[in-house]
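Visitor: Right, I'll just put the structure down here and ask away after.
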Amino acid sequence: MTQQTTYEPEPIYPPASGLVRRGWDAVRDALPGPGAVLAVDGPMMLDWPALAAALPPGTLTVDMRGATVAWDQVQKRTASAEQLAGDPDFATLAPGTLADLIDELPAVPRQPGRLTVVYGPGAALADHDELWYADLPKRYAEHATTQGHGRNLGRPGDGTGTTQRLFYIDWPLLDRHRDAVAPGIAQWLDLQDPADPRMLAGPDLRATLEELARRPLRTRPTFNTTSWGGHWAQERLGMNTQARNTALGYELIAPESGVLIGTRAEGAVEVPFQLLVASHPEQVLGAAVRPRFGPSFPIRFDYLDTYGGGSLSVHCHPRPENMRTVFGWAYPQHETYYVLVGSPDNVIHLGLRDAADLTEFERRAHAAHHDGEPFEIERYVQQHPATEHQLFLVPAGTPHGSGQGNVVLEISATPYLYSLRFYDWLRRDAEGRQRPVHVGHAFDNLDTGRTGAALRADLIQRPRTIVTGDGWREDLIGALPELFFRVHRLELDAGATAGQETTDRFHVLNVVAGDGVAIRTRLGEHRLSYAETLVVPAAVGRYTVTASGPSGARVVKAFVA
C-alpha cells in the first residue's frame, strides 16, 4: 500500500447566510426577552443540567426529561415483536413519535420580567414562544452508553441505559421528532464542547440546507474501534492514530452521519445528514427514489478494516419479510463488499458450500456459542480470494464476512444494526466477555439457496462496460434483481473527464484508486481525494468527474436502480 492521500477528516461547508457564533455569552445574548417562554429541545444524552446552569440568574426552568409516562408504560408502548421479546441484543424499531410517550405536558409558568426555559427531549411539545434545538451527535450517546453513563428515554435517573434501547427505540423517536420540529427552530446549538458552544440561527441553517441539497457534499467521517479491527485508516488516512484500531469507518451512514457547517477559522456546527434529507427529500433523493423510501437515505458507505487485525464474524442480515415484520425496517439490509485492500491469499467468506450439512452447521454454531467449542466455518461457508477491486454481492440472508488483512468498502443498504452472527471465532471484547452471537436469528434468516457455482456466478460478477469516452469508461460491476441499488465504476486516465447525469436519483461516489478527482457542477467544483465519499444529490443533474492525478483514477458509484 503506497497510496498517497490528502484525506480530509473534517469537510466543512460555509453557511449560505449568517455565521456560526460561539461561546456562552453568544448564547445568552440570543435569548428572548423577559416574559417569554423558550423551548430548548434535543436528545436525551445532552448534559441538560449544565445547559440550565448556564442560563442567566433568575431564569425559570422546566425539565422535560421527567414528562414521559412511567417506565413500565414506556416499555409497553415500545415493545418489540413477539419474536424479539426478551432478546438481549435486538429490538423492533420503534414506530410512532416521541409524543406517544407523553400523556400530560408539564405546566409552563409565565412571569412578567422573567424568562422561562423548557428544556429536554420533547420541549417543543410544550407551550412556548421560541424554539431552539441543542444537539450532540449520536456517537457521543453511543460512547456514553457503552461506558455505563447512558440514560434512555423515559428511564428513571438511576437506571443504566442500554445501546439496545438507544439504537432501536430512542434514536428513531428522537429523529422523527427533530425532523418534525425543524422548520420552527430559531437557533441550532452544537454542544460537543460544553465550554465553547457553537450556534447558527435557524433561518441561516435552513438556507444552508437548501443550498447543500443542490450541491455535492461529504459527511463527517467517524472511525470506531472493535476487537477485530485493523490499522489501515490509521496508517493511510491518519485517522484515530492513538486508538487501539480503526475497525469501522463510517463514511456515510445517514442515521448517524453529520454535516459540518461553518468555517475553520470560526468553527462549525454539526448538523445531522438525516435532517438535510428530511428537509429536502425531493432534491436529495430524487423523484425516482423518494416515493419508495420516503425520507430515508437508503445507501451507506463504510469501511471494514481488518488490515493488521482479525477476521470479521461470519454473519447474515434479516431477509425482507423478517426485516419488516420482526425488526421493523421497511427494506432489507442488502450489502456489497468492494475489496479496497486485499490479496489473493486473503479471503472473503460468502455463501454456503455445495451440500453443506446445515443441521450439523447449526449444531456446531450452538456448541460454539454455549460451550466455547471452536469449529471450522469453512466446512460450511465458501471462501473466495480477496482480490483487490473485486466486488462481492451480499443479498440479505447470505452468510458472509471479511477475513483478516483486508480493507472492505461496504456499499450497502442503510439499515446497519442487524448483523446476525453464526460464528465469531470465540472472540472476546475489551472487558474479556465473549462477544454475542445470534445463532437462532441467523439460521431463521439463512438463504439456503445461495450455494455452489451458481453463487459464484451471481455474486462475484465480472465488470461489464456500459459506456466509453475519451480516456475513460464506465463499468457495471454489481447488480441483481433483488438488490435495489447498482454499483458502477469509472475508470479514468490522467486528466480524463467523464460526463454524468443523476436522472432524478442521487449518486454516491468514492475514489478507490488514484490521487483524486474533481467533481464539477453548474454551481461549482468539489474535490474528492482517495478513500473519500461524496453524495451527489439528485438535484445536481449533470456533472463531470475529472481525474486529477498523474496515474488516473478509479471511482465507484452507487445509486438506486
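Table: residues versus (1) exposed (fewer than 15 other Cβ atoms within 10 Å of the Cβ); (2) in contact with a Lys or Arg (Cβ under 8 Å, 6 or more places away or on another chain).
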| position | (1), (2) |
| --- | --- |
| ASP429 | yes, yes |
| ASN445 | no, yes |
| THR448 | yes, no |
| GLN461 | no, no |
| THR465 | yes, yes |
| GLY478 | no, yes |
| PRO481 | yes, no |
| GLY499 | yes, yes |
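Visitor: Please determine, by comparing only the residues of the range 19-39 that are assigned to a loop (DSSP other than H, G, I, E, B) and closer than 19 Å to PRO272 by Cα, which one is nearest to the chain's Cα centre (by Cα).
Guide: So the first thing to find is which residues in the range 19-39 are assigned to a loop (DSSP other than H, G, I, E, B), and the list is 19-20, 23, 30-36.
In the following step, the residues that additionally are closer than 19 Å to PRO272 by Cα were identified as 19-20.
Working: LEU19: 27, VAL20: 25 Å.
Here the residue is VAL20.
Visitor: Also, quick follow-up: Inspect all residues belonging to the range 28-40 and state whether any of them is farther than 20 Å from ASP129 by Cα, surrounded by 15 or more Cβ atoms within 10 Å (Cβ to Cβ) and not charged (D, E, K, R). Outline the logic, then answer.
Guide: Within the range 28-40, the first condition is being farther than 20 Å from ASP129 by Cα, and the residues that meet it are none.
No, because not a single residue in the range 28-40 is farther than 20 Å from ASP129 by Cα, surrounded by 15 or more Cβ atoms within 10 Å (Cβ to Cβ) and not charged (D, E, K, R).
Residue-by-condition table, conditions (1) on the phi > 0 side of the Ramachandran plot; (2) among the charged types (D, E, K, R); (3) touching a helix residue (DSSP H, G or I) at 6+ places or on another chain (Cβ under 8 Å):
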residue	(1), (2), (3)
VAL37	no, no, no
VAL40	no, no, yes
ARG77	no, yes, yes
GLY96	yes, no, yes
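Visitor: Right, next: Quick one: what pairs do we get from the range 479-498, first residue more than 30 Å from ARG290 (Cα to Cα) and part of a loop (DSSP other than H, G, I, E, B), second polar (S, T, N, Q) and at pLDDT below 95, C-beta under 8 Å, 6+ apart or different chains?
Guide: ALA494/SER551
Visitor: Can you name the residue in the range 305-361 that is in a loop (DSSP other than H, G, I, E, B) and among the hydroxyl-bearing types (Ser, Thr, Tyr) and is also surrounded by the fewest Cβ atoms within 10 Å (Cβ to Cβ) among such residues?
Guide: To start, the set of residues in the range 305-361 that are in a loop (DSSP other than H, G, I, E, B) comprises 306-313, 317-319, 328-334, 342, 353-357.
Next cut, among the hydroxyl-bearing types (Ser, Thr, Tyr) only: 306-307, 311, 313, 331.
Numbers: THR306: 27, TYR307: 25, SER311: 21, SER313: 24, TYR331: 17.
Checking each candidate, the answer is TYR331.
Visitor: Within the range 43-64, count every residue that is in contact (Cβ under 8 Å) with a residue 24 or more places away in the chain and part of a helix (DSSP H, G or I). First the steps, then the outcome.
Guide: Let us first name the residues in the range 43-64 that are in contact (Cβ under 8 Å) with a residue 24 or more places away in the chain, namely 43-48, 50-52, 54-56, 58-64.
Cutting the leftovers down to part of a helix (DSSP H, G or I) gives us 48, 50-52, 64.
Count: 5.
Visitor: May I pose another question? Where residues in the range 368-417 are over 17 Å from ASN346 (Cα atoms), of a type in the set (Ser, Thr, Tyr) and assigned to a loop (DSSP other than H, G, I, E, B), which of them is most open to solvent (accessible area, probe 1.4 Å)?
Guide: Among those that are over 17 Å from ASN346 (Cα atoms), of a type in the set (Ser, Thr, Tyr) and assigned to a loop (DSSP other than H, G, I, E, B), it is TYR416.
Visitor: Could you check THR61 against (1) open to solvent by less than 60 Å² (accessible area, probe 1.4 Å); (2) in contact with a strand residue (DSSP E or B) (Cβ under 7 Å, 6 or more places away or on another chain) and say which number it fails?
Guide: For THR61, the failing item is (1).
Visitor: Scan the range 504-547 residue by residue and report those that are over 20 Å from ALA287 (Cα atoms), polar (S, T, N, Q) and surrounded by fewer than 23 Cβ atoms within 10 Å (Cβ to Cβ).
Guide: Across the range 504-547, the qualifying residues are SER529, THR544, THR546.
Visitor: Does the range 175-185 contain at least one residue that is assigned to a helix (DSSP H, G or I), closer than 23 Å to PHE223 by Cα and open to solvent by 10 Å² or more (accessible area, probe 1.4 Å)?
Guide: Restricting attention to the range 175-185, the residues satisfying the condition of being assigned to a helix (DSSP H, G or I) are 175-184.
Filter once more, so that each one left must be closer than 23 Å to PHE223 by Cα: 175.
Filter once more, so that each one left must be open to solvent by 10 Å² or more (accessible area, probe 1.4 Å): 175.
Yes.
Visitor: Please go through the range 101-120 and give me each residue that is of a type outside the set (A, V, I, L, M), out of contact with any helix residue (DSSP H, G or I) (no Cβ under 6 Å at 6 or more places or on another chain) and touching a residue at least 60 places away in the same chain (Cβ under 8 Å), ordered by number. Quick ask: steps written out before the conclusion?
Guide: Just the residues of the range 101-120 that are of a type outside the set (A, V, I, L, M), to begin with: 103-104, 106, 109-114, 116, 119-120.
Right, trim to out of contact with any helix residue (DSSP H, G or I) (no Cβ under 6 Å at 6 or more places or on another chain) and you get 103-104, 106, 109-114, 116.
The answer is ARG110, GLN111, PRO112, GLY113, ARG114, THR116.
Visitor: Output the number of residues of the range 503-527 satisfying the condition of being over 20 Å from the mean Cα position of the chain (by Cα), touching a residue at least 60 places away in the same chain (Cβ under 8 Å) and closer than 10 Å to PRO216 by Cα.
Guide: Qualifying residue count, the range 503-527: 5.
Visitor: Looking at (1) outside any strand (DSSP E or B); (2) among the aliphatic types (A, V, I, L, M); (3) open to solvent by less than 30 Å² (accessible area, probe 1.4 Å), which one does ALA278 not meet, given that it meets all the others?
Guide: Evaluating ALA278 over (1) outside any strand (DSSP E or B); (2) among the aliphatic types (A, V, I, L, M); (3) open to solvent by less than 30 Å² (accessible area, probe 1.4 Å) leaves (3) as the failure.
Visitor: Among the residues of the range 65-86, is there at least one that is in a loop (DSSP other than H, G, I, E, B), more than 24 Å from the chain's Cα centre (by Cα) and not small (Gly, Ala, Ser)?
Guide: Yes, the range 65-86 contains a residue that is in a loop (DSSP other than H, G, I, E, B), more than 24 Å from the chain's Cα centre (by Cα) and not small (Gly, Ala, Ser).
Visitor: Given the residues LEU51, LEU60, which is the only one that is over 30 Å from ASP444 (Cα atoms) and touching a Ser or Thr at 6+ places or on another chain (Cβ under 7 Å)? Give the derivation first.
Guide: On the way: LEU51 fails: touching a Ser or Thr at 6+ places or on another chain (Cβ under 7 Å).
Just one listed residue meets the conditions, LEU60.
Visitor: Looking for whichever is out of contact with any Cys (no Cβ under 6 Å at 6 or more places or on another chain), within 24 Å of LEU31 (Cβ to Cβ), in contact (Cβ under 8 Å) with a residue 24 or more places away in the chain and crowded, with 22+ Cβ neighbours inside 10 Å here; the options are VAL284, VAL289, VAL269. Which one fits?
Guide: Working: VAL284 fails: within 24 Å of LEU31 (Cβ to Cβ); VAL289 fails: within 24 Å of LEU31 (Cβ to Cβ).
Being out of contact with any Cys (no Cβ under 6 Å at 6 or more places or on another chain), within 24 Å of LEU31 (Cβ to Cβ), in contact (Cβ under 8 Å) with a residue 24 or more places away in the chain and crowded, with 22+ Cβ neighbours inside 10 Å holds for just one of VAL284, VAL289, VAL269, which is VAL269.
Visitor: Tell me, which residue of the range 153-168 that is farther than 16 Å from ARG139 by Cα and touching a residue at least 40 places away in the same chain (Cβ under 8 Å) is surrounded by the fewest Cβ atoms within 10 Å (Cβ to Cβ)?
Guide: Quick first cut of the range 153-168, residues farther than 16 Å from ARG139 by Cα only: 153-160.
When the remaining residues are screened for being touching a residue at least 40 places away in the same chain (Cβ under 8 Å), the result is 153-156, 159.
Values: LEU153: 23, GLY154: 28, ARG155: 20, PRO156: 10, GLY159: 12.
Across the range 153-168, the extreme among qualifying residues is PRO156.
Visitor: If you go through the range 425-444 one residue at a time, do you hit one that is in contact with a His (Cβ under 9 Å, 6 or more places away or on another chain) and among the β-branched types (Val, Ile, Thr)?
Guide: Yes.
Visitor: Still on this structure: Which ones in the range 233-260 are crowded, with 19+ Cβ neighbours inside 10 Å and over 20 Å from the mean Cα position of the chain (by Cα)?
Guide: Correct list: GLN234, ARG236.
The values are calculated or read from the model by the stated rules, or taken from the named source; none is laboratory data. What you see is a predicted model, and the numbers here were worked out from it, not measured in a lab. Because the Cβ atoms are built from the backbone with ideal geometry, glycine has one as well, and the counts that use them run over all protein chains shown. We work out accessible area using only protein heavy atoms, side chains counted, and drop any ligands, DNA or RNA first. Shrake-Rupley method; radii C 1.70, N 1.55, O 1.52, S 1.80 Å.
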